[in-house]
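Enquirer: Here it is, the structure, as structure tokens.
The values are calculated or read from the model by the stated rules, or taken from the named source; none is laboratory data. Treat the numbers as computed from the prediction; the structure is a model and nothing was measured. Cβ coordinates were reconstructed from backbone atoms using ideal geometry, including for glycine residues, and neighbour counts include every protein chain displayed.
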Amino acid sequence: MKTSEIKNRIVDGLTTKFNSIGFSFQKKRFEFIGERNGQKFVFNLLITSWSGYWTVSVRLFISILAIERVYEAILGKSHSLTMGNTIERISKSQDGRRIVNGDMSIIIYHIEDVEAAIETLTRYYDTIAVEYFSKYNNLKAIDDIFNHAPFDHCPAHVGGSFDERCMKGLIVAKLVDNRDYEKLSTIYDDVIKGTLNENSITNYYKVKEYLMYNRIA
């Protein structure tokens, strides 16, 4: 049994389901993507071959055009993903902020296991992804998860890199006219230094300066 055969069977088994809800399959990154109203929702699959078996892992991502458009206008083309994480961290963090580890990888030993894997992936979408995508389908909700404590790391539901959390936190705060913007700016000024990465710090101040002198909507 080859990895390509497993991938093909999984895609075949999921395509009808995802097409029916407006998602299309993107082979390059092996993911199903749904787009609507300036939002992109991603159900990403990572299939890994080990000695004698395979694992299937799921990651969920959300891209908000209003945020990414500003971010890329300042810093250039990026991966264009606003937030996202492994399905384990998303599902096990009840408040979306605390990082909780776990493993929800699906194990495939034989070709007969693929059907069970498809059923589990469908359940992951119905019971976890739908709730995650629905919860963060507006700027106010994203402002809430980005711009509240803890500020020393990326919350579980945000994921990604810490420097982007700081920059996109300021962008979405501006977009929603968050009245605590100046307070947030002071907090991010302090915590960004903890990255000890000159490029991240430089980019952060580029974003901050742009937001100071440019109106965004």
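Enquirer: Do you know which of the residues in region 121-139 that are among the β-branched types (V, I, T) and surrounded by 14 or more Cβ atoms within 10 Å (Cβ to Cβ) is farthest from I171 (Cα to Cα)?
Expert: Ranking the qualifying residues of region 121-139, first place goes to T122.
Enquirer: Going by the structure shown, is I90 modelled with pLDDT of 95 or more, buried (at least 19 other Cβ atoms within 10 Å of the Cβ), within 13 Å of the chain's Cα centre (by Cα) and more than 30 Å from K206 (Cα to Cα)?
Expert: In short, yes.
Enquirer: Still on this model: Working only within region 152-167, note down all residues that are under 18 Å from the mean Cα position of the chain (by Cα), in contact (Cβ under 8 Å) with a residue 12 or more places away in the chain and over 16 Å from S80 (Cα atoms).
Expert: If the condition is that a residue be under 18 Å from the mean Cα position of the chain (by Cα), in contact (Cβ under 8 Å) with a residue 12 or more places away in the chain and over 16 Å from S80 (Cα atoms), then H153, P155, A156, H157 are the ones that fit.
Enquirer: Anything in region 158-193 that is of a type outside the set (V, I, T), surrounded by fewer than 13 Cβ atoms within 10 Å (Cβ to Cβ) and outside any loop (DSSP other than H, G, I, E, B)? List them, or say none.
Expert: E182, K183, D190, K193
Enquirer: Can you tell me which residue in region 122-157 is nearest to G22 (Cα to Cα), limited to those that are among the aromatic types (F, W, Y) and outside any helix (DSSP H, G or I)?
Expert: Y136
Enquirer: A further question follows. Counting just the residues of region 140-151 that are without any contact (Cβ under 8 Å) to a residue 60 or more places away in the chain and out of contact with any helix residue (DSSP H, G or I) (no Cβ under 8 Å at 6 or more places or on another chain), which one comes out surrounded by the fewest Cβ atoms within 10 Å (Cβ to Cβ)?
Expert: A149
Enquirer: Can we say I106 is touching a Pro at 6+ places or on another chain (Cβ under 9 Å) and crowded, with 19+ Cβ neighbours inside 10 Å?
Expert: So I106 does not fit the description; no.
Enquirer: Oh, and also: Does N203 satisfy the criteria of being farther than 17 Å from D143 by Cβ and either free of Cβ contacts under 8 Å to residues at least 24 places away in the same chain or assigned by TED's automatic domain parsing to the domain that holds E131 (or both)?
Expert: no
Enquirer: Do we find that A129 is touching a residue at least 12 places away in the same chain (Cβ under 8 Å) and closer than 30 Å to E5 by Cβ in this structure?
Expert: Yes; evaluated as a whole, the condition is true for this residue.
Enquirer: I've got another one for you. Return the residue satisfying two criteria in turn: it lies in region 168-212 and is modelled with pLDDT of 95 or more and of a type in the set (S, T, Y), and of such residues it is farthest from L81 (Cα to Cα).
Expert: T186
Enquirer: Of all the residues that make up region 25-54, how many are more than 20 Å from A129 (Cα to Cα), small (G, A, S) and not in a strand (DSSP E or B)?
Expert: Residues flagged as more than 20 Å from A129 (Cα to Cα), small (G, A, S) and not in a strand (DSSP E or B) within region 25-54 amount to 2.
Enquirer: Criterion first (more than 23 Å from D144 (Cβ to Cβ) and either without any contact (Cβ under 8 Å) to a residue 40 or more places away in the chain or of a type in the set (A, V, I, L, M) (or both)) does I99 satisfy it?
Expert: Considered against the rule, which asks whether it is more than 23 Å from D144 (Cβ to Cβ) and either without any contact (Cβ under 8 Å) to a residue 40 or more places away in the chain or of a type in the set (A, V, I, L, M) (or both), I99 comes out as no.
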